[in-house]
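The values are calculated or read from the model by the stated rules, or taken from the named source; none is laboratory data. Model, not experiment: these values are computed from the prediction. Positions of Cβ are generated from backbone atoms using ideal geometry, with glycine treated the same way; all protein chains shown enter the neighbour counts. The protein model used for the area step is the full one, side chains on, heavy atoms only, and it has no ligands, DNA or RNA in it. Shrake-Rupley method; radii C 1.70, N 1.55, O 1.52, S 1.80 Å.
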Amino acid sequence: MILNVYVMTPSKTVWNAPSSEVILPTTTGKIGILSGHVALVTFIKVGVMRIRYQNTWIPIFVKSGFAEIEGDIVTVLVNDAERGDRIDPEIAHAELEKAQEQLNHAQNSPEKIRAQLFLKQALARDTAAREFPDSLALNIPDPIASKNAAASALTMIQHL
C-alpha cells in the first residue's frame, strides 16, 4: 500500500511523493506510519523524520510543527525542513561542534536553554546529512524545482 506524503514549511515544499512508510519524530516519541493508519494529529519536534521511498530510507531534518494522518495521506507542516542530501555534511558537523561549544560556555539559564535548542537542531541536521545514502541511485522527486510546488502547497492547505 502507498502513502501520499507531503512535507512543507511556510516557504517551500520539501517532499511531495508517494511512500510506503514514514517515521515521525513526535513530542511523545517516534511514530511509524503505514498505509491504513488510524487518523491522527500530532506535534512534531526537532529531529529527523524518515521516509521509505523505493525501499530506501530518506532522512529529512525537521523543526517543530505538526503532522496529520488521515486515510493514506500524511501531511507534515513544520517551521523548517531539509532533505539530507541538501545538507552539506561538513557544514552540519561544524555547526554541531559550535553548538556543543556554546552549551559548554553557557553562563545562565536563558543561554543554556538557547544552546540546548541549537544543539538539538545541529544534531538533527548532522544526522540527516550523515544518514543520507551516498550511493543512492533513485530518481527522488524534487518539489523545490518542480513548477507545481506552489500548486501543491495550495492543495495541501486546502486539504487541511
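Here are a few things to note about the model shown:
- Distance between modelled label sites at Leu117 and Thr42, nm, 7 Å Cα→Cβ extension: 2.3
- Karplus-derived 3J(HN,Hα), 6.51/-1.76/1.60, for each residue of segment 69-85, Hz, glycine and proline x: 10, 9, x, 9, 10, 10, 10, 10, 10, 10, 5, 7, 7, 8, 5, x, 6
- Tensor-based shape of segment 13-144 (alpha-carbon gyration tensor, a/c under 1.5 rounded, otherwise prolate or oblate): oblate
- Taking 12 Å as the straight-line reach from the Cα of Lys45, the aspartates and glutamates in range (excluding those fewer than 8 positions away in the same chain) are Asp80.
- Take Thr27: with every protein chain present and a 1.4 Å probe, its accessible area is about 90 Å².
- Phi to ³J(HN,Hα) by Karplus 6.51 cos²θ - 1.76 cosθ + 1.60 over segment 87-94, Hz, x for Gly, Pro: 9, 6, x, 5, 5, 4, 5, 5
- Remark: for residue pairs Lys30/Lys63; Lys30/Lys98; Lys12/Lys112, the C-alpha separation exceeds 21 Å in Lys30/Lys98; Lys12/Lys112.
- Accessible-area value, Val41, 1.4 Å probe, nucleic acids and ligands omitted, Å²: 100
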